[in-house]
């Protein structure tokens with residue numbers, strides 16, 4: 001399981017219809033974006049809020065900005 005630790009300050013609490021709540025990761029190097037994509041494709045990607053150690057949330061959808069270094073994870 002690939003678990004990405006993030007702070008809740010990156011969490012967008014508004015749920016988008018059909019997508020869920022999101023976390024935006026910016027300034028990600030290409031290698032990290034590839035690692036995230038591979039983990040998502042195998043259904044092996046989750047996030048863990050730094051403020052809630054030990055609790056993981058599976059990533060249901062993923063969007064990678066084709067023009068930049070941003071990844072949006074939907075839980």
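Quick notes on this one:
- Order of 48, 38 - criterion: other Cβ atoms within 10 Å of each residue's Cβ, fewest first: 38, 48
- Measuring how big the chain is from its alpha-carbon positions, Rg and Dmax come out at 11.6, 34 Å.
- The DSSP beta bridges internal to the chain are antiparallel in roughly 75% of cases.
- Label-to-label distance, residue 69 versus residue 31, with points set 7 angstrom from Cα along the beta-carbon direction: 1.4 nm.
- Placing pseudo-labels 7 Å out from each Cα toward the beta carbon at residue 38 and residue 2 gives an inter-label distance of 0.7 nm.
- Helix-only [θ]222 nm of the chain, DSSP H runs n ≥ 4, -39500 (n - 2.57) each, per residue, nearest 500: -5000 deg cm²/dmol
- Efficiency of FRET between residue 9 and residue 55 - r from beta-carbon atoms, R0 25 angstrom, step 0.05: 0.90
- Mean Cα-pair separation over length for the chain, i.e. relative contact order, pairs under 8 Å, 6 or more apart, %: 38
Any read-out appearing in this document is the output of simple, stated calculations on the displayed coordinates, not a laboratory observation. All values derive from a computational prediction rather than experimental measurement. With ideal geometry, Cβ positions are generated from the backbone for all residues, glycine too; neighbour counts draw on all protein chains shown.
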